[in-house]
């Protein structure tokens, strides 16, 4: 009989690679300072920053954060050159639709993620190099 990931871990099986279904959202509250995602047996914590303005320029200090856009008006996110490997997750909570503005970088959005953004959307920016940013 197949085991669930948590049963496999508690039984001592460690060779199976975790899948996306192994992630469990523990908290996502507007008044929370962090979101926690559990990947058994580890916990990843990401600092949450709330942005209600109409403009936001990302910085190296945003690496590993979740930015919650709560504004009612459309928002422009300026994407500058940052260190390769930088990752920022963006959650659109308010009615304002974000747009991305490149600043010294090429933004790869092959799946047109930006074109489909609306309230409730979530997307990530990943710096493949200091001058190339992928939208996923």
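Values in this text are rule-based calculations from the coordinates and carry no lab data. Every value quoted in this text rests on a predicted model; they were computed, and no experiment measured them. Cβ placement follows ideal geometry from the backbone for every residue including glycine, while neighbour counts extend to all protein chains displayed.
Working from label points 7 Å from Cα in the Cα-to-Cβ sense, the residue 60 to residue 87 distance is 2.0 nm.
Just for the range 48-135, what percent of DSSP beta bridges are antiparallel, to the closest 5? Don't jump to the answer; show the numbers that get you there.
Details: 9 of 29 bridges.
Given both bridge residues lie in the range 48-135, the antiparallel proportion sits at roughly 30 percent.
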